[in-house]
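Below: one structure, written as C-alpha cells.
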Amino acid sequence: MNCHAGLMAAGVSMICLLTACNDFLDREPLSQITPDAYLNEESQLAAYAINLYPNMFVSVFGTGADSHTDDMASTGYDNRYVPGEWKTGQTGGSWSFTTIYSCNYFLERVLPLWKAGRIAGNTENINHYVGEMYFLRAFEYFKKYQEFGDFPIIRDVLPDQAEPLVDASKRYPRNEVARFILSDLDSAIMLLRPASPDGKNLRVSSYVAQLVKSRVALFEATWLKYFKDTPFAPNGPGWPGREKDYNASYQFPSGSIEGEIDYFLTQAMAAAQVVADNIPLVENNGILQQSESDPNNPYYDIYCAVDMSGYPEILLWRQYNKALGITHGIVIGMQEAGFGNGITRGMVDGFLMENGLPAYAPGSGYAGDDYISDVKANRDGRLQLFLKEPYQINVIWPSPEGTHATPVELIPTITHSDPGRRYPTGYGIRKGASFYGEQGGNFLSFTGVPVFRAAEAHLNYMEACYEKNSTLDAKARGYWTALRNRARMDADFDKTIAATEMEREKQNDWGACSAGQLIDATLYSIRRERRCELMAEGLRYMDLKRWRAMDRMLTEPYHIEGFKLWGPMKDWYNTGADGSSILIYGLDNDRSNVSSPERSLYLRPYEILSKSLALDGYRWTMAHYLSPIAIQNFLNTTEDNETANSPIYQNPGWPLTANQGPTNP
C-alpha cells in the first residue's frame, strides 16, 4: 500500500527551543556551514546556488508523476483517499526549514557585499546568482505553502534565542505567503538573465521565474475563490488562524477576499503573457516513429531527447550523463509497465477527437474502446503519440547495451506478480520513452528530463483570463488556438464548448466540479486542455487541490478504472498452457489478479481483493486538502508541553493528537 507522498517526504522537525535553540528551524552554528571568507566571489555564489538544485527540482515527470489522481493510478491505492487512514504524525512530515535557512544565509551574507560592490567577478553573472537565490527561496516556499497553506515567513537568519525563534514559528495567512513568494520572484525576475550563464540544463532564467510566478498566482487565486467562506481561506468561518492573537484582526491587503482573487489573477496573466509571447512552441508533425525512415517528431522529442538545449519550449531541464553514472530509469519504465503506473480510463476519455468534438458527441467519429487501437483512432494527436498500443515499435535504433529494452510493445501485463512490471490499468504511457536501444539499460537511461515548459504559460493565461473576466480575450484565444493546432486537431474550441455535456464529463474528470458543483463548459474545456497537455508532468494533484475538485467524493465514491478488460481484449489473456485464460477474479479468492466483470467491464485496480480499503471506491475528507503538522512541532514551541499553547495552529480538521485521523472523516 502506498502512503501519501507528503508523509513520505524526508523532513527535519524543529527540536526543542528551550533546550537546544541552535537546532531550531534546522539551524546550525554559522561556523559549521561556511568560513567567513566564503561567498565573496562569483564562482562561490554559483556553487552555493547550484548545490541546492538536486533537492529542489526532484524529477516527477513520466511514470507515476500524476499517480493517485484521476489521471494515473499505481498498483497500490493511496491512503489520502481512504478517510481515517492518513493520520497526524508525532514527528516527521515536511514542516522543515533547511532549504529556507540555506537561502536566508546566502542572502544575509551576500546582499551587503553585493550592494557595496565587494563581490569579485562578472557583474551580470553575480546578479544572476543573487536572483537565483530569491527564486530558490520562492520555489521552496511554494512547495511548503501548497502542502500547509498558512506558513511562517522567515526572511533572516535567526539568533540562538528562544523568544525570536518561537515568534518566527507564527503562521502567516496563506495569501500573505503567496504575496511573499511573488515578491521574491519579482526580485528574481529583475536579476536573472533571460538565458542562464551556464545553460538551461543547469540554472533557471528570468522566463522560468515568470512561469513560476504565473503558477503561484493562479494557484492562490483559484484556491481563494473555491475555498472562500471555509476554514481553508483566511477569515473564513472556522479559520484556525483567527484563534491566535497575532492573526485575530487580520485584514486582506486589498480590502477583501474578492480583491485578493483579482490581484492574483492579474499577476498570473501578466507573468504568463511574458513567457507565452516570447517562447515558441515546438512543432508536432504527428509522426510516431516506427522505422528508421520516419522523420523524428520535435514534440515527441522534447520529452526524451538526450540534449534538450535546442528546444526553446523547454525552459529548464535536468541533464543526465551515462559516463558520470548519472542516470535514471524512465525509459526502461516506459517501455515495460511504467514501474506499476498507468493512465486511467478517465484520462483517456478526456481527450477529444481530431474534429474537436467529445467522443460522445454525435458525428465525433469515435470508434469505441473495445481495443486500445480503437480508443486512439481519430483522437487528439497527443493521445495518438503518447498512449501505448500493442505491437507498436518501441526501439528503432537497437543497441547491445539495451538489454532490458522492450523492442516491440506487448499486450499489457495486467497480471504480473511483480508490481513494478504490472500495468495497473492496462493503459500505458510512452511520453518520455526514447526509441534508442541504448536507453534501455537497467536503470541506465540518460535522456534529459523537462522541468518547466513554456506551454504551461499558455494554459495559465487562458485559465486566469477566464476566471478574472468570465470571457476569453484575444490573447487567450490565440494561445488556445496554438495549443490545439500543435495537438493536430480542429482549433475551433467554441465548437468543443457547444458540444460539451457537463454531466457526461463529470463521470471521468474530477476537474468538472469545484466545491461539489459543476463548472461551466468553457471553464471545463480550459481545464481539459490543461489536463491533456500536461499529462504525466506532475501538476495534476496541484490543480485538483486548488480547484477544490475532490469534494464530490465526500458523499459519492469514485472508482478508478482502466481499459475495457471485459470485452474482446479479455481474449488477449488466453495464454495458459492449454489456451485457457490466466485471468482470475472473485473477492473471495486470494489468488485473484483482476477485478470482476460484475463490478465493471473496465479494469478496477483497487477492487481485486476483499482486503483492499479502496474496494468500494475512493472517498475524501476536507482535511486532506492540506497536510497535518506533526505534533512535535507544537511541543517544541511551548514551555508547558501543551500543544494548544503553541503559536502554531493545526490545519482544519486535523487533531492535535498523534496517530489520529481527521475529525471530519
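The values are calculated or read from the model by the stated rules, or taken from the named source; none is laboratory data. No experiment lies behind these values; they were computed from the predicted model shown. Every residue, glycine among them, receives a Cβ derived from its backbone with ideal geometry; neighbour counts consider all protein chains shown. We work out accessible area using only protein heavy atoms, side chains counted, and drop any ligands, DNA or RNA first. Shrake-Rupley method; radii C 1.70, N 1.55, O 1.52, S 1.80 Å.
Could you tell me whether any residue of segment 613-621 is free of Cβ contacts under 8 Å to residues at least 60 places away in the same chain and open to solvent by 20 Å² or more (accessible area, probe 1.4 Å)? Yes, the conditions are met somewhere in segment 613-621. Exactly one residue out of S600, S581, S627, S596 is of a type in the set (G, A, S) and open to solvent by less than 10 Å² (accessible area, probe 1.4 Å), and it is S627. The set of residues from segment 415-473 being of a type in the set (S, T, N, Q), surrounded by fewer than 24 Cβ atoms within 10 Å (Cβ to Cβ) and at pLDDT 95 or above comprises T415, N469, S470, T471.
Of the residues making up segment 512-522, just one is in contact (Cβ under 8 Å) with a residue 60 or more places away in the chain and on the phi < 0 side of the Ramachandran plot, namely S514. If you go through segment 171-202 and keep only what is in a loop (DSSP other than H, G, I, E, B) and surrounded by 19 or more Cβ atoms within 10 Å (Cβ to Cβ), you end up with R171, P173, L192, S196, K200.
The C-beta contact set for segment 322-340 (first residue modelled with pLDDT of 85 or more, second residue part of a helix (DSSP H, G or I) and among the acidic types (D, E), distance under 9 angstrom, 6+ apart or interchain) comprises K322/E438. Cβ separations smaller than 9 Å between residues 6+ apart or across chains give the following pairs from segment 298-310 residues that are within 22 Å of R488 (Cα to Cα) to residues that are β-branched (V, I, T) and open to solvent by 10 Å² or more (accessible area, probe 1.4 Å): P298/V282; Y299/V282; Y300/I287; D301/V282; I302/V282; C304/I330. Restricting S254, S309, S291, S249 to those that are in a loop (DSSP other than H, G, I, E, B), touching a helix residue (DSSP H, G or I) at 6+ places or on another chain (Cβ under 8 Å) and open to solvent by 20 Å² or more (accessible area, probe 1.4 Å) reduces the list to S254.
Taking (1) open to solvent by less than 50 Å² (accessible area, probe 1.4 Å); (2) touching a residue at least 24 places away in the same chain (Cβ under 8 Å); (3) not hydroxyl-bearing (S, T, Y) in turn, G478 satisfies each apart from (2). In summary, G342 fulfils each of the numbered conditions (1) under 30 Å from S417 (Cα atoms); (2) in a loop (DSSP other than H, G, I, E, B) with the single exception of condition (2). Among the candidates A577, A549, single out the residue that is part of a loop (DSSP other than H, G, I, E, B) and within 27 Å of E220 (Cα to Cα). Selected residue: A549, the only one of A577, A549 that is part of a loop (DSSP other than H, G, I, E, B) and within 27 Å of E220 (Cα to Cα).
For segment 405-414, filtering for residues that are modelled with pLDDT under 90 and either surrounded by 19 or more Cβ atoms within 10 Å (Cβ to Cβ) or not in a loop (DSSP other than H, G, I, E, B) (or both) leaves 1.
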